[in-house]
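So the structure is just underneath, and the comments pick up after that.
The values are calculated or read from the model by the stated rules, or taken from the named source; none is laboratory data. Given the structure is predicted, the values throughout are model-derived calculations rather than measurements. As a convention, Cβ positions derive from the backbone with ideal geometry for all residues, glycine included, and neighbour counts pool all protein chains shown. All accessible areas refer to the heavy atoms of the entire protein, side chains included, with ligands and DNA or RNA removed. Shrake-Rupley method; radii C 1.70, N 1.55, O 1.52, S 1.80 Å.
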Amino acid sequence: MAYLINYQSQLYLFYLIQNDLKEILDCLRQIEKPNKKNSIVISALWKNVIISYAKKFTKSDDGYSSLEKRDCIKHDQLELHEKIMNLRNSFIAHRGENDIEKSLLLLYEEERENGQITLEFVIKWAFKVSHLIDEIKQLVGDLMQIVETKLRKKIEGMDTRLMKELNESD
């Protein structure tokens, strides 16, 4: 019956992945809503999308499953996948070369005894992510189908093994 613990563990991990994917879709729906939002809320939602997505493909030292890019990402979705992973690695998890921080408008204000001097630095282009919402939704929807299939197969495997063992014990 030790195999049941293994199946149970795998089922639980795929269930967690499935819940994270649902949360990503919920965040994207909140971002899309036409009401006025605080920029901090929008930023937090986007960061949650990126973190939740990337952790599905990041190896864990404590045995938690991750998805394999080669098994889950279609060829035409590779660029988007890499863009999200790069944002996780170079913007959220670590400071590195990334498009978001390049797009910031930097303002520096300095006060002196003889008055105010304002120095302004503007970076010429902005990084927009709103156009990616539909692409990310499609990618996450495809991943949901893959995870649901893996869950179903794990359950069927567990059922088959359990029934075989029960029949042998009779």
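Filter segment 47-87 down to residues that are open to solvent by 90 Å² or more (accessible area, probe 1.4 Å) and free of Cβ contacts under 8 Å to residues at least 40 places away in the same chain, then give me how many there are.
Going through segment 47-87 one residue at a time, the tally reaches 8.
Residues in segment 147-170 that are surrounded by 13 or more Cβ atoms within 10 Å (Cβ to Cβ) and free of Cβ contacts under 8 Å to residues at least 24 places away in the same chain: how many? Spell out how you get there, then give the answer.
Restricting attention to segment 147-170, the residues satisfying the condition of being surrounded by 13 or more Cβ atoms within 10 Å (Cβ to Cβ) are 147-148, 150-151, 154-155, 157-158, 161-162.
Pick out the ones that are also free of Cβ contacts under 8 Å to residues at least 24 places away in the same chain and you get none.
The total comes to 0.
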